[in-house]
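Structure, as structure tokens:
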């Protein structure tokens, strides 16, 4: 069966697009937060046109859960003439100290212009990213307050809000922004695997099967070690769903009649990936992106 497009575009997403356009003139730069595990899939393709020539600081968040080698490659890929990319973890604080420094470097022309005009004010940055990527956590860490709502579910922040920080930096918090449809099914699957979109959008068994496909291609050793599968070569003739069933059987997830409870197995697999129990994994292999 041919891959299908995944469509997910609640009304508040259209509102967020309008808010971004309306408020860009009030900021000096944009902070774009991506999930380090899915640096390509978590990057909204519409943002480039929306933000125009504004300087962009790209943050690869949750880097402690991602493959460090892949993170380094993506940092190089996302650093350019008017942009810079930092690996961050908002929970541990990794990379947070670089943010105000790099922003000042990106906005040096604005700062010099303001200085010539005798204007003294903090830098202003708009914080953008898909739902559940850590925008509110970043703002709370930088402002050293709990002004932004933080929940482990997509779509919590619905309205813009300005937050001041002690770093000579004001932040404009915006709601999470997704795009109308995912033409590349892998993008939609990766967003679902990491929990960026609600689990109800795709079937859990379908999402977990897609995860197994990524793991057996990119991280077979981690897959086999975590679920005691032996050698990946032993499963070369098996489908991804069949491997899901093997994992469920090894975990003892059996339903009535001795059949594997594949739904419970799928939910377990997704939970363990999201919690980092399988290992440090990047689902958007930069080789796949460039293919």
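Bear in mind these aren't lab numbers, they're just calculated from the coordinates by the rules spelled out. Computed from a predicted structure; not experimentally measured. A quick note on method: Cβ atoms are made from the backbone with ideal geometry, for glycine too, and the neighbour counts reach across all protein chains shown.
At R0 = 41 Å, how high is the FRET efficiency between residue 83 and residue 241 if r is their beta carbon distance? Nearest 0.05 is fine.
0.55
Helix 68-77 against the longest principal axis of the chain: what's the angle in degrees, Cα atoms only, rounded to the nearest 10?
40
Using 7 Å Cα-to-Cβ label points, what is the residue 50/residue 137 separation (nm, one decimal)?
With each label placed 7 Å out from Cα toward Cβ, I get 2.1 nm.
At 10 °C and 1.306 mPa s, grab the translational diffusion coefficient of the chain from Stokes-Einstein with a Kirkwood Rh over Cα pairs, rounded to a whole number in µm² per second.
Answer, rounded: 78 µm²/s.
Could you tell me what percent of the DSSP beta bridges with both partners in the chain are antiparallel, to the nearest 5?
Antiparallel: roughly 30 percent of the beta bridges in the chain.
Stretch residue 272-residue 231 to full length: gain in nm at 0.36 nm per residue minus the Cα-Cα span?
Taking residue 272 through residue 231 to full extension adds about 12.7 nm, to one decimal.
With r as the distance between the Cβ atoms of residue 23 and residue 222 and R0 = 35 Å, compute the FRET efficiency 1/(1 + (r/R0)^6) and round to 0.05.
Given R0 = 35 Å and the Cβ-Cβ separation, E is 0.25.
What FRET efficiency, computed as 1/(1 + (r/R0)^6) with R0 = 30 Å and r the Cβ-Cβ distance, is obtained for residue 120 and residue 64, rounded to the nearest 0.05?
That gives a FRET efficiency of 0.20.
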